[in-house]
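These notes concern the structure reproduced below.
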Amino acid sequence: MKSSFLIRFFVLVLMGILASSCQSSRAPQSNAASLSTQDSASLAYELASERWCTNNQACAMVLMLVDDEDSSKSFDARLAALQSKGFVEPGWSLVANDPVTKGTLGYMLYRALDIEGGVMIQVLPLRRYGYREVVHAGLMLRGSEYEPLTGPEVVGIMGRAARMMER
């Protein structure tokens with residue numbers, strides 16, 4: 001089941017990278033209705049040419065990684081689904097069309113992949129420490145947890161996360 005995600009993901013990402021010679025500089029535009037009908041591969045293909053990955057797109061990708069689908073019809077439904085799984089803390093104030101930060105995606109992946117964390121993440125379950133754990137696991141490059149992620153960066157991160165889930 002997870003291998004089909006991985007195969008579709010990489011085939012469409014490769015096609016997207018080959019088809020686009022440069023990144024788009026347009027502002028993030030996220031259509032929640034179209035996200036609900038996309039599969040992981042088509043979303044990855046779209047993200048490969050986007051300047052920024054939005055919170056909405058990142059949440060959809062995490063749900064697709066874990067459940068092989070995103071049946072949510074809106075960003076609020078995605079957040080509720082991620083909160084019920086413990087991947088997003090209830091106090092977070094995420095805006096659908098804002099670029100996702102390394103800290104936000106890092107924490108979601110830390111929880112989704114059930115990465116064994118260090119002492120700090122156990123004592124203070126914050127985005128900062130979740131991000132540090134995924135950097136340590138080799139999913140992301142070092143930087144600031146407040147740094148926004150581009151579409152191609154998220155495609156690469158999600159590909160590494162899918163491979164990690166396969167193991």
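Each value in this text was obtained by applying a stated rule to the coordinates, not by laboratory testing. As the structure is a prediction and not an experimental result, all values here were calculated from the model. Virtual Cβ from ideal backbone geometry, glycine too; neighbours counted across all protein chains shown.
Would you please name the trypsin sites (Lys or Arg not before Pro) within the stretch 72-164 that are DSSP coil residues with at most 11 other C-beta atoms within 10 Å of their C-beta? Don't skip to the answer; put the middle values down first.
Working: sites: LYS73, ARG78, LYS85, LYS102, ARG111, ARG127, ARG128, ARG132, ARG142, ARG160, ARG163; in loops: LYS73, ARG142.
Taking the stretch 72-164 and a limit of 11 other Cβ atoms within 10 Å, the loop trypsin sites (Lys or Arg not before Pro) found are ARG142.
Which FRET efficiency value, to the nearest 0.05, is calculated for ARG142 and ARG163 with the Förster distance at 25 angstrom and r the Cβ-Cβ distance?
On the way: r = 20 Å, r/R0 = 0.80.
Calculated transfer efficiency: 0.80.
Summing Lys, Arg as +1 and Asp, Glu as -1, what charge do residues with Cβ under 11 Å from the Cβ of ARG111 carry, ARG111 excluded? Spell out each step's value before the answer.
Numbers: positive: LYS85, ARG127; negative: GLU89, ASP114, GLU133.
Charge balance near ARG111 sits at -1.
So what is the relative contact order of the stretch 39-121, in percent, for Cα pairs below 8 Å that sit 6 or more residues apart? Numbers along the way, then the final one.
Values: 64 pairs, mean separation 27.9, N = 83.
Worked out over the stretch 39-121, it gives 34 percent.
So, in nm, how far is label VAL135 from label VAL119 when the simple model puts each one 7 Å beyond its Cα toward the Cβ?
Modelled inter-label distance: 1.9 nm.
Once the other residues with Cβ under 15 Å from the Cβ of LEU126 are scored (Lys, Arg +1; Asp, Glu -1), what is the net sum? Write down the numbers at each step before the final one.
On the way: positive: LYS102, ARG111, ARG127, ARG128, ARG132; negative: GLU89, GLU133, GLU145.
Residues close to LEU126 contribute a combined charge of +2.
Give the order of TRP52, TRP92 when sorted by the count of other beta carbons within 10 angstrom, beginning with the fewest.
On the way: TRP52 24, TRP92 13.
Placing the least packed residue first, the sequence is TRP92, TRP52.
Near the amide H of THR54, under 5 Å away, which other amide H atoms are found, from residues 5 or more places off or on another chain, if H is placed in the peptide plane?
HN-HN under 5 Å from THR54: VAL100.
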